[in-house]
Amino acid sequence: MNSRMHLREEVVWVCRRLAEKGLVAASDGNVSCRLDSNYVLITPGGRHKGDLECADLLVLDETGMPVEGPGTPSSELRMHLCVYENRPDVEAVVHAHPPMLTALTLAGLPFCAELLPEVWLTIGPVPTAPYATPSTREVPDAVRGLIGGHEALLLERHGSLTVGRTVREACMRLEKLEHAAHIQFYAHLLKNGPPDPLRTEDLLKLQALKKQ
Ligand SMILES: [Zn+2]
């Protein structure tokens, strides 16, 4: 199997996973990966993520112009291209509408990565990008300044943006964050207030582990 076909299959696998896990509804969300330094593979706009097939994906050039594939590319393509421009180390981008993470932004609460050691270790801080009108240039403008130092962002009143070296990694990061957001929510309810983060000395130990 050539690697381009493999990448298409991986994107389709992630799209189905997002739909099955309730991380997107209907035609929400978009997934992309680099094909090489000049081209990006991306999901089409207006299609249910659970129904996509390999042949439905589009290839874009570095300016966002479709060069292969049917239909129109995702309306958030500028956000994906903005990530690739600013993160040469990133190979894949997943944008979804996870209910609990998105609800945090509606409640004006930050996602607290310092609550669970594994989240801190594998993903790190997850800031919230300010509200931007979906599918406009406001979205890349809102994420540009934050994506440099982070593997994931929340988009206020909109959803999540996770990146990775593969589409599976970007998807797994999203699953982990949504799961952690549920835990943060339950802890907040049980305690009737925000749960305490890990102690600074414990965070420093995790930081040391990360460097290894
Ligand atoms: Zn969206």
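A few notes on this one:
- Between helix 77-86 and the chain: long-axis angle, C-alpha atoms, 0 to 90°, nearest 10: 70 degrees
- Peptides 10-17, 98-105, 145-152, 198-205 ranked from most to least packed give 10-17, 98-105, 145-152, 198-205, packing being the mean of other C-beta atoms within 10 angstrom over each peptide's residues.
- Positive minus negative residues near Y39 (Lys, Arg vs Asp, Glu; Cβ under 9 Å): -3
- Cα-centre dipole for segment 37-81 with unit charges at Cβ (Lys and Arg positive, Asp and Glu negative), debye to 20: 140 debye
- Over all directions, the projected convex hull of the C-alpha atoms in the chain averages 12.0 nm² in area.
- Across K49/K210; K49/K176; K191/K211, pairs whose alpha-carbon gap is larger than 23 Å: K49/K210; K191/K211
- Surface analysis of segment 3-211 yields an accessible area of 48 Å² per residue, using protein heavy atoms and a 1.4 Å probe.
- Per-residue 3J(HN,Hα) values for segment 3-11, derived from phi via the Karplus relation 6.51 cos²θ - 1.76 cosθ + 1.60 with θ = phi - 60°, read 5, 5, 5, 4, 5, 4, 5, 5, 4 Hz in sequence order (x marks Gly and Pro).
- Helices in the chain, meaning DSSP H runs of at least 4 residues, each add -39500 (n - 2.57). Divided by all residues, the mean residue ellipticity at 222 nm is -13000 deg cm²/dmol.
- Carbon and sulfur %, accessible surface of segment 1-72 computed with the full protein complex present, 1.4 Å: 49 percent
- Part-to-part distance (alpha-carbon centres) for segment 45-85 and segment 148-197, which is given in Å: 25 Å
- Helix 167-191 vs. the chain, principal-axis angle (Cα, 0 to 90°, nearest 10): 30 degrees
- 5 angstrom amide H check on T128, placed H, neighbours 5+ away: L154
- Highest-first arrangement of 45-58, 172-185, where packing means the average Cβ count within 10 Å: 172-185, 45-58
- Percent accessible area from carbon and sulfur atoms, segment 154-212, protein chains only, probe 1.4 Å: 57 percent
- Fully extending the segment from D61 to A25 would add 10.2 nm, taking 0.36 nm per residue of separation and subtracting the current Cα-Cα distance.
- Phi-derived couplings, Karplus 6.51 cos²θ - 1.76 cosθ + 1.60 at θ = phi - 60°, listed residue by residue for segment 146-159: 10, 6, x, x, 9, 8, 7, 9, 9, 10, 3, 6, 9, x Hz, with x used for Gly and Pro.
The values are calculated or read from the model by the stated rules, or taken from the named source; none is laboratory data. Here the structure is a predicted model, which means the values were calculated and not measured. Methodologically, a virtual Cβ is constructed for each residue, glycine included, from the backbone with ideal geometry; neighbour enumeration extends over all protein chains shown. SASA here: full protein model, heavy atoms, side chains in, ligands and nucleic acids out. Shrake-Rupley method; radii C 1.70, N 1.55, O 1.52, S 1.80 Å.
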